[in-house]
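Shown next, in structure tokens, is the structure this report addresses.
The values are calculated or read from the model by the stated rules, or taken from the named source; none is laboratory data. Since the model is a prediction, treat every value here as computed from it, not as a measurement. Here Cβ is always computed from backbone atoms with ideal geometry, including for glycine, and neighbour counts include all displayed protein chains. Each accessible area value is taken on the protein alone, full model and side chains, heavy atoms only, with ligands, DNA and RNA left out. Shrake-Rupley method; radii C 1.70, N 1.55, O 1.52, S 1.80 Å.
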Amino acid sequence: MTARPKEWGQEHGRMHRYGVNALRHVRACAGHIGFWAQAGVPVVAVTAALYLTGWGAALAVLQLPLLALVVHRSGGRAWLPAAVAGAASLALGEAGVATGVLPGELPQPHGHVLAALVGLAMLTTAWILGAAASGREGAEQSLRLTGRRYEALLRDGGDLVVLTDSRGEAGYVSLSAPRVLGLESSRLLGTGLRERIHPEDRTLAAQLRARLRTDDAPGEQSAELRIRHGDGEWRWYELTGHNLLADPAVAALLIRVRDVTEQRALRMQLMRAAGRDPLTGLATATTLERDVDRALRHGTRYQHPVGVLVVKLDGFDALVDGYGKEVGDKLLTDVAEVLRRTVRDTDVAARLDDDRFGVLLGRVAGAEKARRVAARILRGITAQAVAGARLEVACSVGLAMAHPGGSDAATLLLHADTAMHRARRRGRNRCEVYIEQETIAPWN
């Protein structure tokens, strides 16, 4: 007794599915018939009108432009119903002429032969038009799908993509702008990012754009700078650009914008924890003092001298005031690179403060050898060109030597700093050695 309701439910489900499938089939058939009627009725109507004039076979060639119009309006798959309708109407027209139902001005059987040739030409033309239209439609669909895929990638990807002309005017901004910058994409069209860049970083942005416009520039240029987020906060962004002005499909500078605020903060935190200056990557002042102390103990144990250099950039503040903080930072990183190239792997280079650097010569043969190192540093720094321009920046170097057991780290650094100030007073690009009675040793 309990199984019958269950069987009735199963039978009801099967009937429901059958009804749904039948309804779908009827709708599909109706749509198919409607499409055939849409493509074939105009051809049949025009053919009937032509045969009513008595010159149907001769004028049937007018079906060819009509076929082209039907295929253009209804799509590539309309060629078959249009061709079938045309061939069938030609056959019916010729039958009407043969039986006398329709007028015929052409002698027979020449009219029938002409109608057959026109019908064959119509079928061939319709097939060619349909194949061409289908190929075009496939290409357009593929292009639309590709465009939607790329748009989805640009909207949901991690970067904002901006296309600008050589002046920085934005013609395209990807839909990821609200997520990356907190702004609608339309608000960045035209002026682009230019008005939202931090005033201190605009020189750096201009330099990036200038490098991108250079014909012989490498394929990728990048810079980190601050941009005002939609919430009003200044955040750090990495801008990576490609020059695609010569590509006719793009004809623009492509700029990828990525938020690196958190990564930058983490990187600086890690560098500080490791005793490194975040800008130059050199050791910090605390790290240098610790290493000088260790070198002095090692020199006392193995009886070898220790040298310390203090290097100060002359005119650095005026340079920052005149050229901007970005150029100043670039000069500092270039100076750091000079120090890394000049000293040995066993030595230590550090950034002491804004424009002062220190170098530990842990195992140096004597003061003359340390002087030669200082001379190489002077030549390297004064030869620097920043952003393609030679800048009037000089430097002063102070050198202090310690004999085994004759000094401590703080005192040795103070002596080198004193010698540096003496070099500044005596002229530009000089190196002075700190020599006092209590620090004179046999190697001096």
From (1) open to solvent by less than 60 Å² (accessible area, probe 1.4 Å); (2) more than 25 Å from residue 322 (Cβ to Cβ), pick out the condition that doesn't hold for residue 207.
(2)
Single residue of the stretch 399-444 satisfying the filter (among the β-branched types (Val, Ile, Thr) and not in a helix (DSSP H, G or I)) that is modelled with the highest pLDDT:
433
Is it the case that some residue within the stretch 227-249 is assigned to a loop (DSSP other than H, G, I, E, B), closer than 30 Å to residue 341 by Cβ, without any contact (Cβ under 8 Å) to a residue 40 or more places away in the chain and among the acidic types (Asp, Glu)?
no
State the number of residues belonging to the stretch 81-103 that are surrounded by fewer than 20 Cβ atoms within 10 Å (Cβ to Cβ) and either among the hydroxyl-bearing types (Ser, Thr, Tyr) or touching a residue at least 40 places away in the same chain (Cβ under 8 Å) (or both).
6
Restricting the stretch 226-242 to residues that are under 19 Å from residue 178 (Cα atoms) and crowded, with 18+ Cβ neighbours inside 10 Å, which is nearest to the chain's Cα centre (by Cα)?
239
Exactly one condition in (1) under 22 Å from residue 308 (Cα atoms); (2) open to solvent by 40 Å² or more (accessible area, probe 1.4 Å) is false for residue 282; which is it?
(2)
State whether the residues of the stretch 263-276 include one that is among the polar types (S, T, N, Q) and either open to solvent by less than 20 Å² (accessible area, probe 1.4 Å) or in a loop (DSSP other than H, G, I, E, B) (or both).
no
If the Cβ limit is 7 Å and pairs must be 6+ apart or interchain, which residue in the stretch 40-56 that is on the phi > 0 side of the Ramachandran plot pairs with which residue that is open to solvent by 10 Å² or more (accessible area, probe 1.4 Å) and outside any helix (DSSP H, G or I)?
54/103; 54/104; 54/105
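In the stretch 181-199, what residues are in a helix (DSSP H, G or I), out of contact with any strand residue (DSSP E or B) (no Cβ under 7 Å at 6 or more places or on another chain) and open to solvent by less than 50 Å² (accessible area, probe 1.4 Å)?
The answer is none; no residue qualifies.
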Could you check how many residues of the stretch 167-196 are of a type in the set (Val, Ile, Thr) and closer than 18 Å to residue 234 by Cα?
1
Helices (runs of 4 or more DSSP H) contained entirely in the stretch 293-393, each with at least 3 residues that are modelled with pLDDT of 85 or more
325-342, 367-382
Among (1) exposed (fewer than 15 other Cβ atoms within 10 Å of the Cβ); (2) without any contact (Cβ under 8 Å) to a residue 24 or more places away in the chain - the single one residue 223 does not satisfy
(1)
Condition check for residue 295: out of contact with any Phe, Trp or Tyr (no Cβ under 8 Å at 6 or more places or on another chain), buried (at least 19 other Cβ atoms within 10 Å of the Cβ) and within 24 Å of residue 264 (Cβ to Cβ):
no
Give me the pairs, please: first residue somewhere in the stretch 339-365 and surrounded by 20 or more Cβ atoms within 10 Å (Cβ to Cβ), second residue anywhere and among the hydroxyl-bearing types (Ser, Thr, Tyr), beta-carbon distance under 8 Å, and either six or more positions apart or on two chains.
348/287; 350/284; 350/287; 351/280; 351/284; 362/346
One residue from 223, 246, 318 being small (Gly, Ala, Ser) and more than 21 Å from residue 335 (Cα to Cα):
246
So which helices (runs of 4 or more DSSP H) are wholly in the stretch 27-113 and hold at least 3 residues that are modelled with pLDDT of 75 or more and under 26 Å from residue 135 (Cβ atoms)?
63-74, 79-99
